[in-house]
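Novice: This is the structure I want to talk about, given as structure tokens.
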């Protein structure tokens, strides 16, 4: 079973990117997640008190009530006479429940309003499109020349708002980056928006949250929040076309890329490969993971992913490519230049 | 305390023998397929649903084994997706809703003092349809063509483009089977409850359990058509290229979610409301007093039913529907906590002032308080738009829904089995095994599902066939698996208890718990016609009335299936129609309907040609017998 051998690398990918607050709604790193977290603390507090009160009332009832067996005559007096003390206590308890519910509802409305009012000046605009089972991200800009596309790994500046336009190319997916915000569905035929801001630098993991078919479990992405100057530097690098200054073996690799199935689905800007069915590979070597957060990005895993993708991620739309040893090595060299 | 005494006069004994002869099902193999006695059908129905419960549980255990450790490869994604789809579909469509109707179809006539359910042949037909639908689904699953798009089957994933093949068609057709069965059962129960109550059982004397079944049945009538419509549109999208859900052709993917959850949320309450009736029955009997606040309890159940239809959007907060609309649904979702709180407080008040008899049924009822209250409070968390955006579609929701459905429905259901098993069989279930059953279930349940709340907050989404190590999810998943195994062991103990007690249990007699409602006023198990002399009802707990049962109904024919119909509000005797006798046509008609439903998965022509045998079956089902008609006409009295 090669799959068994292959799967443990998942954990390597995980460990590689494991900065402390990784994929966790209780460790907010941005303003939106922070506000939801505040509401969470209030709600859990109130709910815990109510739970404790109900249990205490129940235990008191059990301990103070008499004991009986099946032969004990039933007490039907209550059918004829009202029970004013019980009535008062039940009404009090119901009243308290309603009051606490009102507190929670008002707090929820308040949180919704705050979430909707995040300041948006100087925002980064990203269009994220979900595919079975990977993520495409297009960084929009008023200057057409500054638009670029990447996949599965996003960088955002700390402290600047990010407006993401969410779309799906096939089935329903859900964008979820718990450290920064709650979920938003990506529904084919519809466009939705999510607005968030990272306030602490770090790398956060997100994952598709709506069941989207065979490999729903293997549709993760990484978001790196970094200071604005580093973000801008990264964006500038992403805008550059792939270098055409290649060694002989790298050129041979590019030839393999262009002649085999790779070119049918992938784009490498500046190389002439412009297909859009798979992730844009112009800067694939700069990413931490392969296959939508599933594998660590190194030469060995890239070789495995190119030659036997179905073993690593059963059902993926990436076809296996049969290559000779020489072709594979050259291709890997070429892919390694796509920084 | 009074019970209706077993007849002693020779005349009554003859009458009892004659009644048994009249109301029992015919013997032999033919009789087995022709049976229509509501108790026979209800026992089969309960056993079938319990079989599906065990099957769904086994699927869950396989999933838990797969998730016990990260990057496990016990099962692959294709099989795992079938597993969770089958588990959800089984538990919702083949266990939780039908088991409540099955128990109701046994108990309701007995609690009402009636000889039968209304429309007994339709009841048999509804059972066969249910059975055949469930078998179809499991045959498909065993052939590795089980559905794999989730029990909610969101389009477009479940549509023709992304789920080619027949897998989703089996799922959609199962919905048709089970909803047809549920709608028929609802009609039967409503008619029985409105028109066949014992004289004197006015609406405000009706047992709380019967109220819950009445409310549930009305909810079925309004909720089920929505999902039948949705699934039929899905089938036509898949089979004949309609585009209800295809945005590219003017359809809408969200339409499915609205239609599905307009059914799906009330469905939770179809599962949850009958157990509220179990709770009220068990708590009254084992506290030795009537439930405190009868009018409030009834109104709370009705309020729950109304509100249940106004909160489906809380399953859709992450979609891009308008924010203001979502806030409305937050309020309505939170509001449903109020009627539930009223009932919980009324039960605590009853326990507070009662004298308690700690038998197994009461233990299960007390388990409800702990688990359901926690599940209800996490429900309030899910009602909030902002919080839901974080925990939606994570293991937090898995935890919540199991706390609500297992705590709110399965615990009271097990309590109900321990409580009414003596009525079904004449013997009590073992008490020691019962306590083991309870404690193992209670502890196992919390070990399994409590960590899932934390898993969801720690970022683990639902419906993933595996997860990477190093996410901090490993220990909690392992705990969930261990707890799941404990639940499995506890259900095994229950099965052993049932098998042992059925033969060797303590004989129960008519009323082993000293309970107050009418089903305890007849033999255990009850005779074919339920009551030798149908009782007249003198109060909410007729057997606890100081004067006992005030009178018995006399004058009904005992040589044919004559019953007493009473008026809707006040249960004043009104008519005495004759019920139909057993025959094979409900079974054969169900076979014909099954052929049409299954056939239509493969070709639309099945709807045309399949209608022919159904028409023949239904015609013969209703074919009048002139001898019986003459006999009945002769007994008519014209005022």
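The values are calculated or read from the model by the stated rules, or taken from the named source; none is laboratory data. Values in this document were obtained by computation on a predicted structure and should not be read as measured data. Glycine gets a Cβ as well: all are built from the backbone with ideal geometry, and neighbour counts include every protein chain shown.
Novice: Can you tell me which condition residue A:225 does not meet? The list is (1) assigned by TED's automatic domain parsing to the domain that holds residue A:326; (2) buried (at least 22 other Cβ atoms within 10 Å of the Cβ), and all the others hold.
Specialist: Looking at each condition in turn, residue A:225 falls short on (1).
Novice: Return a yes/no flag: does segment A:165-172 have any residue that is under 30 Å from residue B:336 (Cβ atoms) and within 10 Å of chain B (Cβ to nearest Cβ). Spell out the reasoning first.
Specialist: Here is the first cut: in segment A:165-172, the ones under 30 Å from residue B:336 (Cβ atoms) are A:172.
From the residues that got through so far, the ones that are within 10 Å of chain B (Cβ to nearest Cβ) too are A:172.
Checking segment A:165-172: at least one residue is under 30 Å from residue B:336 (Cβ atoms) and within 10 Å of chain B (Cβ to nearest Cβ).
Novice: What are the residues in segment A:14-56 that are surrounded by 14 or more Cβ atoms within 10 Å (Cβ to Cβ), modelled with pLDDT under 50, in a helix (DSSP H, G or I) and at the interface with another protein chain (Cβ under 7 Å from one of its Cβ atoms), if any?
Specialist: If the condition is that a residue be surrounded by 14 or more Cβ atoms within 10 Å (Cβ to Cβ), modelled with pLDDT under 50, in a helix (DSSP H, G or I) and at the interface with another protein chain (Cβ under 7 Å from one of its Cβ atoms), then A:14 is the only one that fits.
Novice: Still on this structure: Check segment A:266-289 and report whether any residue there is crowded, with 22+ Cβ neighbours inside 10 Å, touching a helix residue (DSSP H, G or I) at 6+ places or on another chain (Cβ under 8 Å) and within 14 Å of chain B (Cβ to nearest Cβ).
Specialist: yes
Novice: Out of (1) closer than 22 Å to residue B:392 by Cα; (2) touching a residue at least 40 places away in the same chain (Cβ under 8 Å); (3) outside the structural domain of residue A:195 (by TED's automatic domain parsing), the odd one out for residue A:100 is which?
Specialist: Looking at each condition in turn, residue A:100 falls short on (1).
Novice: Which one of these is out of contact with any strand residue (DSSP E or B) (no Cβ under 6 Å at 6 or more places or on another chain), surrounded by 22 or more Cβ atoms within 10 Å (Cβ to Cβ) and within 29 Å of residue B:381 (Cα to Cα): A:119, A:178? Full working, then the answer.
Specialist: Numbers: A:119 fails: surrounded by 22 or more Cβ atoms within 10 Å (Cβ to Cβ).
Going through A:119, A:178 in turn, the sole match is A:178.
Novice: Which number in (1) surrounded by 13 or more Cβ atoms within 10 Å (Cβ to Cβ); (2) more than 26 Å from the chain's Cα centre (by Cα); (3) part of a loop (DSSP other than H, G, I, E, B) marks the one condition that residue B:600 misses?
Specialist: All conditions are met except number (3).
Novice: Further question: Look through segment B:163-187, keep the residues that are part of a loop (DSSP other than H, G, I, E, B) and touching a residue at least 12 places away in the same chain (Cβ under 8 Å), and return whichever of them is farthest from the other protein chains (Cβ to nearest Cβ).
Specialist: So the first thing to find is which residues in segment B:163-187 are part of a loop (DSSP other than H, G, I, E, B), and the list is B:163-166.
Subsequent filtering for residues that are touching a residue at least 12 places away in the same chain (Cβ under 8 Å) retains B:163, B:165-166.
Values: B:163: 8, B:165: 13, B:166: 17 Å.
Here the residue is B:166.
Novice: Report the residue count in segment B:240-264 for those that are buried (at least 23 other Cβ atoms within 10 Å of the Cβ) and more than 26 Å from residue A:191 (Cβ to Cβ).
Specialist: 1
Novice: Checking residue B:424 against (1) within 12 Å of another protein chain (Cβ to nearest Cβ); (2) under 25 Å from the mean Cα position of the chain (by Cα), which test does it fail?
Specialist: With respect to (1) within 12 Å of another protein chain (Cβ to nearest Cβ); (2) under 25 Å from the mean Cα position of the chain (by Cα), residue B:424 is out only on (1).
Novice: Being farther than 28 Å from residue B:631 by Cα and either in a loop (DSSP other than H, G, I, E, B) or touching a helix residue (DSSP H, G or I) at 6+ places or on another chain (Cβ under 7 Å) (or both) is the filter here, so list the residues in segment B:540-567 that pass it.
Specialist: Selection gives B:540, B:541, B:542, B:543, B:545, B:546, B:547, B:548, B:549, B:550, B:551.
Novice: Just name the residue that is farthest from the other protein chains (Cβ to nearest Cβ) out of those in segment B:314-333 that are closer than 30 Å to residue A:89 by Cβ and surrounded by fewer than 22 Cβ atoms within 10 Å (Cβ to Cβ).
Specialist: Out of the qualifying residues, it is B:332.
Novice: Pick from B:391, B:397, B:464: which is closer than 23 Å to residue B:68 by Cα, out of contact with any strand residue (DSSP E or B) (no Cβ under 6 Å at 6 or more places or on another chain), within 12 Å of chain A (Cβ to nearest Cβ) and without any contact (Cβ under 8 Å) to a residue 24 or more places away in the chain? Please lay out each step first, then the result.
Specialist: Details: B:391 fails: without any contact (Cβ under 8 Å) to a residue 24 or more places away in the chain; B:397 fails: without any contact (Cβ under 8 Å) to a residue 24 or more places away in the chain.
Criteria check complete, one pass: B:464.
Novice: Mind telling me which of the residues B:350, B:340 ends up being over 25 Å from the mean Cα position of the chain (by Cα) and either in contact (Cβ under 8 Å) with a residue 24 or more places away in the chain or within 30 Å of residue B:152 (Cβ to Cβ) (or both)?
Specialist: Only one candidate qualifies: B:350.
Novice: Please verify whether segment A:137-146 includes one or more residues that are on the phi > 0 side of the Ramachandran plot, surrounded by fewer than 24 Cβ atoms within 10 Å (Cβ to Cβ) and in contact (Cβ under 8 Å) with a residue 60 or more places away in the chain.
Specialist: Step one: list which residues in segment A:137-146 are on the phi > 0 side of the Ramachandran plot, which gives none.
Checked against the condition, which is being on the phi > 0 side of the Ramachandran plot, surrounded by fewer than 24 Cβ atoms within 10 Å (Cβ to Cβ) and in contact (Cβ under 8 Å) with a residue 60 or more places away in the chain, segment A:137-146 yields no hits at all.
Novice: If I filter segment B:474-493 down to residues being within 14 Å of chain A (Cβ to nearest Cβ) and in contact with a helix residue (DSSP H, G or I) (Cβ under 6 Å, 6 or more places away or on another chain), which single residue comes out as surrounded by the fewest Cβ atoms within 10 Å (Cβ to Cβ)?
Specialist: Initial filter on segment B:474-493 (within 14 Å of chain A (Cβ to nearest Cβ)): B:474, B:476-477.
Next, from what is left, pick out any that are in contact with a helix residue (DSSP H, G or I) (Cβ under 6 Å, 6 or more places away or on another chain): B:476-477.
Values: B:476: 19, B:477: 23.
By that ranking, first place goes to B:476.
Novice: Would it be correct to say that residue B:281 is surrounded by fewer than 21 Cβ atoms within 10 Å (Cβ to Cβ) and in a helix (DSSP H, G or I)? Give the steps one after another, and end with the answer.
Specialist: On the way: surrounded by fewer than 21 Cβ atoms within 10 Å (Cβ to Cβ): no; in a helix (DSSP H, G or I): yes.
So residue B:281 does not fit the description; no.
Novice: Collect the residues in segment B:503-540 that are surrounded by 22 or more Cβ atoms within 10 Å (Cβ to Cβ) and within 15 Å of residue B:196 (Cβ to Cβ), keeping them in residue-number order.
Specialist: Listed by number, the residues that qualify are B:518, B:519, B:529, B:530, B:531, B:534, B:535, B:537.
Novice: Quick check, is residue B:374 within 24 Å of the chain's Cα centre (by Cα), within 10 Å of chain A (Cβ to nearest Cβ), free of Cβ contacts under 8 Å to residues at least 24 places away in the same chain and in a helix (DSSP H, G or I)? Break it down stepwise before answering.
Specialist: Values: within 24 Å of the chain's Cα centre (by Cα): yes; within 10 Å of chain A (Cβ to nearest Cβ): yes; free of Cβ contacts under 8 Å to residues at least 24 places away in the same chain: no; in a helix (DSSP H, G or I): yes.
The answer is no for residue B:374.
Novice: Is it the case, given these coordinates, that residue A:71 is at the interface with chain B (Cβ under 7 Å from one of its Cβ atoms), at pLDDT below 95 and over 21 Å from residue B:347 (Cα atoms)?
Specialist: So residue A:71 passes the test.
Novice: Of all residues in segment A:186-209, which are closer than 24 Å to residue A:289 by Cα, part of a loop (DSSP other than H, G, I, E, B) and within 10 Å of chain B (Cβ to nearest Cβ)?
Specialist: A:208, A:209
Novice: Does residue A:244 satisfy the condition of being part of a loop (DSSP other than H, G, I, E, B) and within 14 Å of chain B (Cβ to nearest Cβ)? Break it down into steps so the answer makes sense when it comes.
Specialist: On the way: part of a loop (DSSP other than H, G, I, E, B): yes; within 14 Å of chain B (Cβ to nearest Cβ): no.
Taking the combined requirement at face value, the residue does not satisfy it.
Novice: May I ask you to list the residues in segment B:353-369 that are more than 7 Å from every other protein chain (Cβ to nearest Cβ) and touching a residue at least 12 places away in the same chain (Cβ under 8 Å)?
Specialist: Step one: list which residues in segment B:353-369 are more than 7 Å from every other protein chain (Cβ to nearest Cβ), which gives B:358-368.
Within segment B:353-369, B:358, B:359, B:360, B:361, B:362, B:363, B:364, B:365, B:367, B:368 meet the criteria.
Novice: Okay, moving on. Among the helices (runs of 4 or more DSSP H) confined wholly to segment B:384-460, which include 1 or more residues that are modelled with pLDDT of 95 or more and closer than 28 Å to residue A:37 by Cβ?
Specialist: On the way: elements: B:385-391, B:395-405, B:411-425, B:431-457.
Counting at least 1 such residues, we get B:385-391, B:395-405, B:431-457.
Novice: Next up: Looking at (1) under 29 Å from residue A:333 (Cβ atoms); (2) at pLDDT 95 or above, find the lone condition where residue A:204 falls short.
Specialist: (1)
Novice: Any residue in segment B:522-539 that is assigned to a loop (DSSP other than H, G, I, E, B), over 25 Å from the mean Cα position of the chain (by Cα) and free of Cβ contacts under 8 Å to residues at least 12 places away in the same chain?
Specialist: The answer is no, given that none of the residues of segment B:522-539 is assigned to a loop (DSSP other than H, G, I, E, B), over 25 Å from the mean Cα position of the chain (by Cα) and free of Cβ contacts under 8 Å to residues at least 12 places away in the same chain.
Novice: Given the options A:97, A:78, name the one that is more than 30 Å from residue A:33 (Cβ to Cβ), in a helix (DSSP H, G or I) and within 7 Å of chain B (Cβ to nearest Cβ). If you could, list the steps in order and put the result at the bottom.
Specialist: Numbers: A:97 fails: more than 30 Å from residue A:33 (Cβ to Cβ).
Among A:97, A:78, only A:78 is more than 30 Å from residue A:33 (Cβ to Cβ), in a helix (DSSP H, G or I) and within 7 Å of chain B (Cβ to nearest Cβ).
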